[in-house]
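All remarks here apply to the structure that follows.
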Amino acid sequence: MEFTTIDLKKDKETALKFRREAFIESFGDTSSLDEDDYLDWLQKKMSEHPEGFVFVRKNGEPVGQIDLSIREYRGRIIGYVHLFYLEEEWRDRGIGMQLFDYAMRFFHERDITEFHLRVAPGNERAVAFYKKYGMAEAGEELGGKVIRMTGSVDTWSL
């Protein structure tokens, strides 16, 4: 496995493909995904923390993507996982743990101790995966469309 920062000049279509697939898994379709807004957001966020926006590659080919940032939430600085995606055929092979480990290292290196993400309640596989790695549900948001989950970087063995 290799982690490489996303280069939007050459990786734009792959980043959009992974985002679309994540939307379909989470919400059933891509009707609420504005691809141009995502690309603009991605470019802006990558300028702040390029190492937070990476593909995981197997034999040189992208098989997954992580979008990570640092933000303020209720007066605290937290890590945030915007996208945690692995192609279906690469799941249940221990690669998800490597993605999770990458995220924890990214946050730890920036002195972040708490991280959050949001997941669709119907994405039971993802919820179970996050709980397996110590995350807890913190409550529903966006009228029940997503669940906020929280975790501690300090409890992850780096």
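For the range 28-47, name all the residues that are touching a Lys or Arg at 6+ places or on another chain (Cβ under 8 Å), within 20 Å of ALA120 (Cα to Cα) and at pLDDT 90 or above.
GLU35, TYR38
Which residues, counting only those in the range 112-128, are out of contact with any Lys or Arg (no Cβ under 9 Å at 6 or more places or on another chain), surrounded by 15 or more Cβ atoms within 10 Å (Cβ to Cβ) and touching a residue at least 60 places away in the same chain (Cβ under 8 Å)?
ASN123, ALA126
Give the number of residues within the range 87-96 that are in a helix (DSSP H, G or I) and surrounded by fewer than 17 Cβ atoms within 10 Å (Cβ to Cβ).
Final tally of qualifying residues: 3.
When you scan the range 48-70, do you find a residue that is modelled with pLDDT of 95 or more and over 21 Å from ARG19 (Cβ atoms), even just one?
Within the range 48-70, not a single residue is modelled with pLDDT of 95 or more and over 21 Å from ARG19 (Cβ atoms).
Kindly state which strands (runs of 3 or more DSSP E) lie completely within the range 97-158 and contain at least 1 residues that are under 19 Å from VAL56 (Cβ atoms) and at pLDDT 95 or above.
114-119
From the list THR14, THR4, pick out the single residue that is assigned to a helix (DSSP H, G or I) and within 16 Å of the chain's Cα centre (by Cα).
Every option except THR14 fails the conditions.
The values are calculated or read from the model by the stated rules, or taken from the named source; none is laboratory data. Remember, predicted model here, so these are calculated numbers, not experimental data. For neighbour counting, all protein chains shown are included, and Cβ atoms are generated from backbone atoms with ideal geometry for every residue, glycine included.
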